[in-house]
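Remarks on the structure that follows.
The values are calculated or read from the model by the stated rules, or taken from the named source; none is laboratory data. Every value quoted in this text rests on a predicted model; they were computed, and no experiment measured them. Methodologically, a virtual Cβ is constructed for each residue, glycine included, from the backbone with ideal geometry; neighbour enumeration extends over all protein chains shown. For accessibility, only protein heavy atoms count, side chains too; no ligands or nucleic acids. Shrake-Rupley method; radii C 1.70, N 1.55, O 1.52, S 1.80 Å.
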Amino acid sequence: MSRFWDNMMEIATVGENPDGSINRLGGRTLEYEQGVAVARRQMERAGLKTELDPIHNLIGSLPGSDPTARTIMIGSHLDTVMEGGKFDGVLGVSGGIEVANRLKEEGRRLRHSLQIWGFNLEEASSLGGTFGSRAIAGFINTSIPQFDERLAHYGWDRQTIQDCRRDLSKCACYLEYHIEQGDKLDNNKIDIGVVSGIVSVVRYDVTAKGMSNHAGTTMMSNRRDALVGMSKLIVRSTELAKEIDDSLVFTVGKLDVMPGQENVIPCQADATFEMRHMDREKTDELFRRIQEYAAQIPDCEFSFRNTVEKYSTPCDPELIRIIGDVCAQAGVSHIVMSSGAGHDANAIAHDGVPIGMIFVPSVGGKSHCGSEWTDPYHCDLGVDILYRCVLTLDELLD
């Protein structure tokens, strides 16, 4: 295997379970800190000066030859979901380290300074996803319920978050190398995805209220079953998403029922409705039609509370062009495509930094699971495209 693969696997296997899945949860877990330590040693061997910010985002810096030139950032995350895979996030951090290794190996010095970021808490948590990158971009919503208590769970406070804030005005661009986490590239036998943008993520907490009663003595015609009503809404919402647009996705991944007893009709069902699309009008239309259908369901009454509203983030058109040109010059098959998953690039873009993303195939479209896999060939191919892009940008950027 290549140096890149070996280095990546050294980080990726930290927190490995017997079944091959990974538990390297973000925050202040032992496994996360072990992963940071491995990545930090690799950065320093590659010639990078390293530091940890107050919430343990890892930063590796390589000064350029021109002190007036802006910085090229490469980043992704070091944490995983529970029982996650080896490639999500780590591929991008390791890719940045490999760029530094190649520069060192070839005796090159960029005109621009280079920064490699390994972010903490990119995956969903009580503080929301992409927390580490949002902290450096000043994109933290402190008005969420129990915000201070949620911070305290990790041993942090508001001052800690404020101290993470970075001035990104001197950042020329941000690149993120990542697995697709879907099946488009793999199904179509395409090597590289040039990302056009990151889709919207909109979530609602939905509550259905009915009436509890005895499961044996209450006839079907007299029931107000909250779970039955919620089930009807979930099924119809899934159908509506398909009707509106074939790239609009709708998911219910969380459902709670009260009182939760086998012999009691549910009086309440709480679910999280999530919808994703590049076009805000599509998610708005889906929500409107969900509300309309909910009003027709006789079993219960519904209420909706918006909890997440991250609207789509386009990648920089010039970076899209450059990544595509690099692929074409290398003779690598590629397509321009949107990302259905959220990424740290989203947070960085909100601070005005141009972003570009490079995808490589996920075999079978699998991600966030132990069977997540990207072939070594594509891992090496993608990091080569990343390296070529950095060299090109070093010449083209001011």
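Residues in the stretch 310-324 that are touching a Ser or Thr at 6+ places or on another chain (Cβ under 8 Å) and either open to solvent by 60 Å² or more (accessible area, probe 1.4 Å) or charged (D, E, K, R) (or both): LYS310, PRO314.
Scanning the stretch 81-107 for residues that are free of Cβ contacts under 8 Å to residues at least 40 places away in the same chain and either assigned to a loop (DSSP other than H, G, I, E, B) or among the aliphatic types (A, V, I, L, M) (or both) yields a single hit, GLY107. Taken over the stretch 198-214, the criterion of being modelled with pLDDT of 95 or more and not polar (S, T, N, Q) is satisfied by TYR204, ASP205, VAL206, ALA208, LYS209, GLY210, MET211, HIS214. Taking the stretch 197-217, which residues are part of a strand (DSSP E or B), within 19 Å of ALA347 (Cα to Cα) and out of contact with any helix residue (DSSP H, G or I) (no Cβ under 6 Å at 6 or more places or on another chain)? GLY197, VAL201, ARG203 - these are the residues of the stretch 197-217 that are part of a strand (DSSP E or B), within 19 Å of ALA347 (Cα to Cα) and out of contact with any helix residue (DSSP H, G or I) (no Cβ under 6 Å at 6 or more places or on another chain).
Scanning the stretch 279-286 turns up at least one residue that is under 30 Å from GLY342 (Cβ atoms), without any contact (Cβ under 8 Å) to a residue 24 or more places away in the chain and either outside any helix (DSSP H, G or I) or open to solvent by 80 Å² or more (accessible area, probe 1.4 Å) (or both). Scanning the stretch 3-21 for residues that are of a type in the set (S, T, N, Q), in a loop (DSSP other than H, G, I, E, B) and crowded, with 16+ Cβ neighbours inside 10 Å yields a single hit, SER21. Can you report the number of residues in the stretch 190-245 which are acidic (Asp, Glu) and either in contact with a Lys or Arg (Cβ under 9 Å, 6 or more places away or on another chain) or open to solvent by 40 Å² or more (accessible area, probe 1.4 Å) (or both)? Qualifying residue count, the stretch 190-245: 4. Scanning the stretch 325-339 for residues that are more than 29 Å from ASP398 (Cβ to Cβ) and either open to solvent by 50 Å² or more (accessible area, probe 1.4 Å) or among the polar types (S, T, N, Q) (or both) yields GLY331, SER333.
The listed residues are SER143, SER133, SER126, and the only one of them that is surrounded by fewer than 16 Cβ atoms within 10 Å (Cβ to Cβ), under 26 Å from GLN34 (Cβ atoms) and not basic (Lys, Arg) turns out to be SER126.
When SER303, SER333, SER339 are screened for being among the hydroxyl-bearing types (Ser, Thr, Tyr) and either in contact with a Pro (Cβ under 8 Å, 6 or more places away or on another chain) or at pLDDT below 95 (or both), only SER339 passes.
For the stretch 340-398, a residue qualifies if it is small (Gly, Ala, Ser) and part of a helix (DSSP H, G or I), and the qualifying residues are ALA345, ALA347, ALA349, GLY364, GLY365, GLY382. Starting from residues that are open to solvent by 40 Å² or more (accessible area, probe 1.4 Å) and part of a strand (DSSP E or B), keep the ones in the stretch 256-267 and report whichever is farthest from GLY216 (Cα to Cα). Ranking the qualifying residues of the stretch 256-267, first place goes to ASP256. Within the stretch 221-248, being modelled with pLDDT under 95 and in a helix (DSSP H, G or I) holds for SER221, ASN222. If the condition is being out of contact with any strand residue (DSSP E or B) (no Cβ under 8 Å at 6 or more places or on another chain), open to solvent by 90 Å² or more (accessible area, probe 1.4 Å) and in a loop (DSSP other than H, G, I, E, B), then the stretch 146-185 contributes GLN146, ARG165, ASP167. Looking at GLY253, GLY260 in this structure, which one is on the phi > 0 side of the Ramachandran plot, free of Cβ contacts under 8 Å to residues at least 60 places away in the same chain and not aromatic (Phe, Trp, Tyr)? Just a single option satisfies the conditions, and that option is GLY260. Residues in the stretch 363-383 that are of a type in the set (Ser, Thr, Tyr) and either surrounded by fewer than 19 Cβ atoms within 10 Å (Cβ to Cβ) or more than 15 Å from the chain's Cα centre (by Cα) (or both): SER371, THR374, TYR377. In the stretch 384-397, the count of residues that are open to solvent by 50 Å² or more (accessible area, probe 1.4 Å) and closer than 24 Å to HIS77 by Cβ is one or more. When the stretch 22-39 is filtered for residues that are in a loop (DSSP other than H, G, I, E, B) and within 19 Å of ASP53 (Cβ to Cβ), the ones remaining, listed by number, are ARG24, LEU25, GLY26, GLY27, ARG28, THR29.
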